[in-house]
1. Can you tell me which residues in the range 88-116 are modelled with pLDDT of 90 or more and among the β-branched types (V, I, T)?
2. Which of the numbered conditions does A91 fail, given that it passes all the others? Conditions: (1) free of Cβ contacts under 8 Å to residues at least 60 places away in the same chain; (2) closer than 30 Å to L30 by Cα; (3) of a type in the set (G, A, S).
3. Kindly evaluate H156 against the criterion of being under 19 Å from G77 (Cα atoms) and surrounded by 12 or more Cβ atoms within 10 Å (Cβ to Cβ).
4. How about the range 120-136: which of its residues are surrounded by 13 or more Cβ atoms within 10 Å (Cβ to Cβ) and either at pLDDT 90 or above or part of a helix (DSSP H, G or I) (or both)?
Amino acid sequence: MPEKAEKALKPEEPKQPRRQARGERRIAQLLQAAANVFCANGYTAASTNAIAREAHVSPGTLYQYFPNKEAIAIELGERLMHEMREAHGQAFTPRNLELPLPELLDVVVDPMIEFNCENPVFLALMHGSEIPGRIAEEHDALHASLLTRVQEVIAHYAPATPADERARVADMTFAIFKGGLGLILAAPQGPERDATVTELKNALLRYLSPLTAAPVTAPRTR
């Protein structure tokens, strides 16, 4: 058979990897647009048309990847929670538990603040009204996991603390962090935000130090 005929009969190289890469880029583009819209308007007021406009695509293009707003929120929420689990998984380690309390606060609080500053949609989506039930369930599980980690920290520094008191202290610690985080996100990026981060660490340190009998030493400034 002539060489040209053999080439004509030879099947074309598969294009699936290229199509998959292009599809992943489009999904990332849509998710970033959704994050912007959810931050600006909240989940309830957001619409697929607004997300498509933000992504500079037609609604028809959006529907090729997501059937509705809920599907977009679920995909975005799952990716964010995966990143959050990785962030606090790297912070709450046995090695870090050997640090003095002020230094432990640095290695735990800093990555969690960094994550939320880089992903402001996390709070907007996770604490908005009418969020999809699947996201709410996964967020509740993540929240419970974080509280468990905080209780483990308290047990390490104050092993004589009863379990019910550890639970209350963990709840209060998380509430202080969440309140301070809102102030941090509202502060202008730069010296003002850095100062607010330091104030949050000071508040946590002064709350936890009496329980752990650790001397109150101001944490490092940013």
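The values are calculated or read from the model by the stated rules, or taken from the named source; none is laboratory data. Since the model is a prediction, treat every value here as computed from it, not as a measurement. Please note: Cβ atoms are built from the backbone with ideal geometry, for glycine as well, and neighbour counts cover all protein chains shown.
1. Once the filter is applied, which keeps residues that are modelled with pLDDT of 90 or more and among the β-branched types (V, I, T), the range 88-116 yields V107, V108, V109, I113.
2. Only one criterion in (1) free of Cβ contacts under 8 Å to residues at least 60 places away in the same chain; (2) closer than 30 Å to L30 by Cα; (3) of a type in the set (G, A, S) is unmet by A91, namely (2).
3. Details: under 19 Å from G77 (Cα atoms): no; surrounded by 12 or more Cβ atoms within 10 Å (Cβ to Cβ): yes.
Judged against the criteria, H156 is not a match.
4. Result: V121, F122, L123, A124, L125, M126, R134, I135, A136.
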